[in-house]
Amino acid sequence: MKTTISFFLILISFSISKKSQNLKKRVRPKEIKKEEKKSKIKFSLFYTTNITCTNLNCPSPNFCNDLHNICYCSKGYVNNPNEKFSETFCSYKQFKQLNSFLWELFTNFGIGHIIIGNFNIGMIKIVLNIILFILSGLVFKNYHSNDELKNDNQLGIKFTIFVYLCFLSSFIWWIVDLFSFGFNKYHDINNVPLMRW
């Protein structure tokens, strides 16, 4: 009888100690997570939270909230996504959508891409347009000055069709660029959206 009672007492004490350990395990991670959340800086493109906001780390024209724990970016400034651990927030100046759109509208040479730092696309577009103008000059020169080319229509027509298809593809690329810049679909070299007009 004594052994049975002592066995039950040991079992009860073991289960109580096990429950208290489980409670400690459950409570402790939640408290740690709350403390970690308080200490982590939350980084967004247009604001930074959980910081001590001053005029030094949130330079003008950007501004701090009343509690001095959030730095809000003014229009034209964002946090640079490549510098998440920077001491200064909202210091990256955005490229303007209007400038890129107008350069693409009036030139069609890829200058809008070069302005926002997408040099590869801009240079490809410049080189292709130069080649296209050279080919169109050859078509015009040979078709209007060479009587043999006029008589041999097969070669002249094929070359002319090729150049017109190149012009058509360049025109379609230009329209796509205009819509993409117009609806702000392109980002700059740091993958930051352009400043809306």
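The values are calculated or read from the model by the stated rules, or taken from the named source; none is laboratory data. Please read these numbers as outputs of a predicted model, since none were measured by experiment. No Cβ is skipped: glycine too gets one built from the backbone with ideal geometry, and neighbour counts run over all protein chains shown.
Before moving on, here are some points about what is shown:
- Region 80-94 - residue that is polar (S, T, N, Q) and touching a strand residue (DSSP E or B) at 6+ places or on another chain (Cβ under 6 Å) and, of those, modelled with the highest pLDDT: 94
- Residue count for region 73-127 satisfying the condition of being hydroxyl-bearing (Ser, Thr, Tyr) and more than 19 Å from the chain's Cα centre (by Cα): 2.
- Selection from region 73-102 of residues that are touching a Cys at 6+ places or on another chain (Cβ under 8 Å), of a type in the set (Ser, Thr, Tyr) and crowded, with 18+ Cβ neighbours inside 10 Å: 77
- Sub-8 Å Cβ pairs linking a first residue in region 149-176 that is more than 29 Å from residue 123 (Cβ to Cβ) and assigned to a helix (DSSP H, G or I) to a second residue that is of a type in the set (Gly, Ala, Ser) and modelled with pLDDT under 90, at least 6 apart or interchain, are 149/156; 150/156, ordered by first then second residue.
- If you go through region 94-126 and keep only what is in a loop (DSSP other than H, G, I, E, B) and under 27 Å from residue 61 (Cα atoms), you end up with 94, 95, 116, 117.
Listed here are the residues, each with its yes/no results for (1) outside the structural domain of residue 121 (by TED's automatic domain parsing); (2) β-branched (Val, Ile, Thr); (3) at pLDDT below 90.
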position: 151; (1), (2), (3): no, no, yes
position: 154; (1), (2), (3): no, no, yes
position: 157; (1), (2), (3): no, yes, yes
position: 160; (1), (2), (3): no, yes, yes
position: 171; (1), (2), (3): no, no, no
position: 174; (1), (2), (3): no, no, no
position: 189; (1), (2), (3): yes, yes, no
position: 196; (1), (2), (3): yes, no, no
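- Residue match in region 66-76 (condition: modelled with pLDDT under 90, out of contact with any Leu (no Cβ under 6 Å at 6 or more places or on another chain), of a type in the set (Val, Ile, Thr) and more than 19 Å from residue 191 (Cα to Cα)): no
- Residues in region 27-44 include at least one that is closer than 27 Å to residue 116 by Cβ, surrounded by 10 or more Cβ atoms within 10 Å (Cβ to Cβ) and at pLDDT 80 or above.
- Within region 103-120, the set of residues being hydrophobic (A, V, I, L, M, F, W, C) and surrounded by fewer than 16 Cβ atoms within 10 Å (Cβ to Cβ) comprises 105, 106, 119.
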